[in-house]
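This report refers to the structure that appears directly beneath it.
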Amino acid sequence: MQETVILAAAGIDRRAAWLAAAPAPGPAPRPGLAWIPGGQFRMGSDHHYPEEAPSHPVRVSGFWMAATVVTNADFARFVDATGYVTLAERDPDPALYPGAIPGMLVPGGMVFFKPPGRVDLRDIGNWWAYVGGADWKHPRGPDSSLAGLDDHPVVQVVHEDALAYARWAGLELPTEAEWEFAARGGLDGADYVWGADFLPDGAPMANTWHGQFPWQRLPPATAAGTMPVRAFAPNGYGLYQMAGNVWEWTADWYRARHPAAAHKACCVPLDPRGGALDGSYQAGQPGGAQRIARKTIKGGSHLCAPNYCRRYRPAARYPHPLDTATCHLGFRCILRT
């Protein structure tokens with residue numbers, strides 16, 4: 001990677017130093033897991049969106065992480081084994097949505113629709129719609145299917161669905177700190193998972209939006225929006241598509257900003273968790289049953305573009321409501337030692 005080359009030329013190979021500092025405790029306990037050695041890194045960024053600041057040192061312990069997000073084939077095995085029904089397939093509870101239009105209280109999820117031309121980017125209703133019948137088996141609505149998508153990320157899954165899968169598999173969801181450390185792949189401080197440049201030598205490095213979002217989609221876009229989970233090269237830890245393709249759930253409640261950096265090296269937090277449940281609600285949202293807590297999601301998706309939502313970076317973060325399934329959000333699991 002470009003940044004590794006630059007560092008090595010200066011007598012510093014940050015990735016090699018980190019990997020040597022915490023070798024894997026043994027062979028992977030199950031197929032598909034990559035060892036994340038742990039260590040100290042600078043979490044967040046002071047140069048992009050305000051919720052990524054302040055950048056601050058954090059330490060994480062070593063752990064195993066799935067090399068890919070959970071695929072449609074993976075999730076199908078879980079459903080076949082357990083009979084699990086996702087939230088998007090269940091009738092919504094009217095008590096949670098007072099004042100909702102009755103026709104909207106049907107099982108479903110959010111689906112992206114490409115408008116025919118330029119639209120007001122301040123109104124997400126110009127490209128998002130709640131679609132009854134959209135679920136993990138029908139990611140774009142009742143007339144869609146998973147034909148040819150076995151190796152694509154499962155989508156239209158909410159946080160409780162991801163937790164249910166992880167528990168069935170004997171795994172967990174990563175914290176935001178664990179996720180970001182793993183996404184960096186040893187390139188501490190780099191803007192992108194792969195290094196310093198978004199398009200090194202003009203080559204796409206992840207499944208992100210090319211063209212003017214949301215109306216102009218250029219190659220290498222696919223009809224499904226998502227791509228196979230191994231469509232691009234892995235990062236330094238052997239993890240695929242830690243940027244783009246689909247957002248990924250973390251275990252942490254969302255908070256609007258990171259905590260301030262520790263003043264002393266001895267006080268750098270180890271394995272920190274995110275904010276509190278009470279602080280995860282959207283600011284200014286009215287009280288009552290309709291308040292929906294939010295978790296932190298990471299990684300960006302195939303809908304992130306240079307002109308909109310440049311969150312295909314390891315420092316990027318966003319709040320997502322617990323009850324909302326979408327066509328661009330999935331998850332991957334970890335195993336702590």
PRO214 is checked against (1) out of contact with any Pro (no Cβ under 7 Å at 6 or more places or on another chain); (2) in contact (Cβ under 8 Å) with a residue 40 or more places away in the chain; (3) assigned to a loop (DSSP other than H, G, I, E, B); (4) not acidic (Asp, Glu) and fails just one. What number does that condition carry? (1)
Enumerate the pairs (first residue in the range 127-140 and outside any strand (DSSP E or B); second residue anywhere and crowded, with 20+ Cβ neighbours inside 10 Å and aromatic (Phe, Trp, Tyr)) with beta-carbon separation below 7 Å, excluding pairs fewer than 6 apart on the same chain, so at least 6 apart or on different chains. TRP136/PHE75
Determine whether the range 11-31 contains at least one residue that is modelled with pLDDT of 90 or more, part of a loop (DSSP other than H, G, I, E, B) and closer than 27 Å to THR226 by Cα. yes
In the set ARG255, ARG184, ARG230, the lone residue that is buried (at least 21 other Cβ atoms within 10 Å of the Cβ), at pLDDT 95 or above and basic (Lys, Arg) is ARG184
Kindly evaluate LEU239 against the criterion of being touching a residue at least 12 places away in the same chain (Cβ under 8 Å) and part of a loop (DSSP other than H, G, I, E, B). yes
Which one is most open to solvent (accessible area, probe 1.4 Å) among residues in the range 32-58 that are more than 22 Å from ARG310 (Cα to Cα) and assigned to a loop (DSSP other than H, G, I, E, B)? GLY32
From the list TRP209, TRP249, which residue is aromatic (Phe, Trp, Tyr), at pLDDT 95 or above and assigned to a loop (DSSP other than H, G, I, E, B)? TRP209
In the range 299-317, anything surrounded by fewer than 20 Cβ atoms within 10 Å (Cβ to Cβ) and either charged (D, E, K, R) or under 10 Å from the mean Cα position of the chain (by Cα) (or both) is listed as ARG310
Top-ranked residue in the range 71-90 [being open to solvent by less than 10 Å² (accessible area, probe 1.4 Å) and of a type in the set (A, V, I, L, M, F, W, C); ranked as nearest to GLU180 (Cα to Cα)]: PHE75
State all residues of the range 65-85 that are over 19 Å from ALA224 (Cβ atoms), of a type outside the set (Asp, Glu) and over 17 Å from the mean Cα position of the chain (by Cα); if no residue qualifies, say none. ARG77, PHE78, VAL79, ALA81, THR82, GLY83, TYR84, VAL85
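The values are calculated or read from the model by the stated rules, or taken from the named source; none is laboratory data. Keep in mind it's a predicted model, so treat the numbers as computed, not measured. Please note: Cβ atoms are built from the backbone with ideal geometry, for glycine as well, and neighbour counts cover all protein chains shown. The protein model used for the area step is the full one, side chains on, heavy atoms only, and it has no ligands, DNA or RNA in it. Shrake-Rupley method; radii C 1.70, N 1.55, O 1.52, S 1.80 Å.
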